Amino acid sequence: MRLLTLFYALLLFSVYADAYDPLDPNGNITIKWDIMSWTPDGYVATVTINNFQMYRHIMSPGWSIGWTWAKREVIWSMLGSQTTEQGDCSKFKGNIPHCCKKKPTVVDLLPGAPYNQQLTNCCKGGVLSSWGQDPSASVSAFQISVGQAGTSNKTVRVPKNFTLLGPGPGYTCGPAKIVPPTHFLTPDKRRKTQALMTWNVTCTYSQFLVGKNPSCCVSFSSFYNQTITPCPTCACGCQSRSNCVKNDANILSMVPRKGDSPLLQCTRHMCPVRVHWHIKLNYQDYWRVKLSVTNFNYQMNYTLWTLVLQHPNLNNVTQVFSFHYKPLAPYASINDTGMLYGMKYYNDLLMEAGPFGNVQSEILLQKDASTFTLKQGWAFPRKVYFNGDECMLPPPDTYPFLPNSVHFNRNSFITLSFAAIVFLLFLVQ
């Protein structure tokens, strides 16, 4: 019996440990229900979805949420969203509910929905930005009129078994918890109102639930070594190698595929996305990195993409070219993590595989004499995340190594520079 209890405890710990993200310890998606008014047989509620994750967003085709009604509730009407199925409403005469299913699934309306069906923060096709990237675009909302439910705080029963797809698996939702009613400020900011009843549902992300294989990988190169360290072989699994496309010309002859499986360009790593980190230049007080993100998936455009890096020298970022940069500091005393994302209408869309399926930037970092070195892989990132999923890095013993005869400290840099100038003057003569 003790062994069985220990097994379940370890299992529970492993699930929550995997859902915990040390680079975003407070990140979650919160679904908040605010009952705004009572009706003869139920209530009208505003449901708000807030993405409090710093760098993980929800891409097209967007979020969908579901739950199980506690009693025999039905949905009379909705604004800003709709259920995917109506269900069996044959027992109703005259006024037919919007949905009669015990377990409804709700999706956001598409942009351009009729004006009389819209609500503030609705109709984005379910796309939600991350909180760190754009807080104003990280919220979605809809209104729901519920019937055959309680008509007071004592008779209403909160829904159970909440689910969130964003758009695929990965999120686990906890039980709904009744919290103090939400307060609202009127537009003139002179009066405060409050909801009649409020409950929250918190959903956390686990990469393990998405799949056993990573969705991206990392490769390295440097100016001081001709070796290019590629992504590990089959870094993202090679089960789809037989269905991959060998070159861009063959894509036209491929029959459109069904399902959610990606159509990838044939590579040794078989990843949809590759991140390449290249140590480009070494100055006296600064060093420069070139960063490239390549899309190998012919069926996916990555909108609102994010790239998160963990590196000890990110506390001295001097300039980032052609990308936005925001430091992430989950722990106040450590500033070694930063988020990169594209500029709106310029490179915030990572196109599908092909000649335009990549984005590039360069980062200039100031040296810290007490910590800076190019030895033993220090100049390469410790962790890399693309769209919130951790990428597979090459084994440390394969990193481009610094030649033994060269030591890149300040004195040796001056000596090498002086020798190069003398050599150039010799050639001129």
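Test CYS122 against the criterion of being assigned to a loop (DSSP other than H, G, I, E, B) and closer than 13 Å to ILE49 by Cβ, and give yes or no. It would help to see each step written out before you state the result.
On the way: assigned to a loop (DSSP other than H, G, I, E, B): yes; closer than 13 Å to ILE49 by Cβ: yes.
Spelling it out, CYS122 is indeed assigned to a loop (DSSP other than H, G, I, E, B) and closer than 13 Å to ILE49 by Cβ.
Criterion first (under 18 Å from TRP277 (Cβ atoms) and either open to solvent by 60 Å² or more (accessible area, probe 1.4 Å) or not in a strand (DSSP E or B) (or both)) does PHE372 satisfy it?
Numbers: under 18 Å from TRP277 (Cβ atoms): yes; either open to solvent by 60 Å² or more (accessible area, probe 1.4 Å) or not in a strand (DSSP E or B) (or both): yes.
Yes; evaluated as a whole, the condition is true for this residue.
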message: Which of the numbered conditions does THR198 fail, given that it passes all the others? Conditions: (1) touching a residue at least 12 places away in the same chain (Cβ under 8 Å); (2) open to solvent by 20 Å² or more (accessible area, probe 1.4 Å); (3) assigned to a strand (DSSP E or B).
response: (2)
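Only one of THR151, THR186, THR202 is at pLDDT 95 or above and either under 25 Å from VAL127 (Cα atoms) or not assigned by the TED database to the domain that holds CYS271 (or both); which?
Values: THR151 fails: at pLDDT 95 or above; THR186 fails: at pLDDT 95 or above.
The conditions single out THR202.
From the list TRP67, TRP33, which one is out of contact with any Lys or Arg (no Cβ under 8 Å at 6 or more places or on another chain) and either open to solvent by 60 Å² or more (accessible area, probe 1.4 Å) or modelled with pLDDT of 95 or more (or both)? Quick ask: steps written out before the conclusion?
Numbers: TRP67 fails: out of contact with any Lys or Arg (no Cβ under 8 Å at 6 or more places or on another chain).
Criteria check complete, one pass: TRP33.
Among GLU352, GLU362, which is the only one that is out of contact with any helix residue (DSSP H, G or I) (no Cβ under 9 Å at 6 or more places or on another chain), assigned by the TED database to the domain that holds HIS324 and farther than 15 Å from HIS311 by Cβ? Give the derivation first.
Numbers: GLU362 fails: farther than 15 Å from HIS311 by Cβ.
Result of the check over GLU352, GLU362: GLU352.
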- line: Residue hits (region 281-319; open to solvent by 30 Å² or more (accessible area, probe 1.4 Å), assigned to a strand (DSSP E or B) and more than 18 Å from GLU390 (Cβ to Cβ)) are LEU281, TYR286, ARG288, LYS290, THR303, VAL317, THR318, GLN319
- line: Among residues of region 71-119 being among the hydroxyl-bearing types (Ser, Thr, Tyr) and more than 30 Å from MET54 (Cα to Cα), the residue least open to solvent (accessible area, probe 1.4 Å) is SER77
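Could you list, in sequence order, all residues of region 327-351 that are part of a strand (DSSP E or B), more than 15 Å from the chain's Cα centre (by Cα) and surrounded by fewer than 19 Cβ atoms within 10 Å (Cβ to Cβ)?
Residues of region 327-351 part of a strand (DSSP E or B): 327-328, 331, 334, 337-341, 349-350.
Next, only the ones that are more than 15 Å from the chain's Cα centre (by Cα) stay: 327, 331, 334, 337.
Those that are part of a strand (DSSP E or B), more than 15 Å from the chain's Cα centre (by Cα) and surrounded by fewer than 19 Cβ atoms within 10 Å (Cβ to Cβ): PRO327, TYR331, ILE334.
Just for region 206-221: of the residues that are at pLDDT below 95 and among the hydroxyl-bearing types (Ser, Thr, Tyr), which one is most open to solvent (accessible area, probe 1.4 Å)? Explain how you work it out, then say what you get.
Quick first cut of region 206-221, residues at pLDDT below 95 only: 206-215.
Within this subset, residues satisfying the condition of being among the hydroxyl-bearing types (Ser, Thr, Tyr) are 206, 215.
Details: SER206: 9, SER215: 38 Å².
Among residues in region 206-221 that are at pLDDT below 95 and among the hydroxyl-bearing types (Ser, Thr, Tyr), the one most open to solvent (accessible area, probe 1.4 Å) is SER215.
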Members of region 106-121 that are touching a strand residue (DSSP E or B) at 6+ places or on another chain (Cβ under 8 Å) and farther than 15 Å from MET59 by Cα: VAL106, GLN117, GLN118, LEU119, THR120, ASN121
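Could you list all residues from region 55-88 that are assigned to a loop (DSSP other than H, G, I, E, B), closer than 14 Å to PHE142 by Cβ and out of contact with any Asp or Glu (no Cβ under 9 Å at 6 or more places or on another chain)?
Just the residues of region 55-88 that are assigned to a loop (DSSP other than H, G, I, E, B), to begin with: 55-57, 59-63, 69-73, 80, 84-88.
Filter again for closer than 14 Å to PHE142 by Cβ, leaving 62-63, 80, 84.
Answer for region 55-88, where residues must be assigned to a loop (DSSP other than H, G, I, E, B), closer than 14 Å to PHE142 by Cβ and out of contact with any Asp or Glu (no Cβ under 9 Å at 6 or more places or on another chain): just THR84.
The values are calculated or read from the model by the stated rules, or taken from the named source; none is laboratory data. Note that the structure is a prediction, hence the values are computed from the model and not measured. Cβ: placed from backbone, ideal geometry, glycine included. Neighbour counts: every protein chain shown. Surface areas here come from the heavy atoms of the whole protein model, side chains and all, with no ligands, DNA or RNA. Shrake-Rupley method; radii C 1.70, N 1.55, O 1.52, S 1.80 Å.
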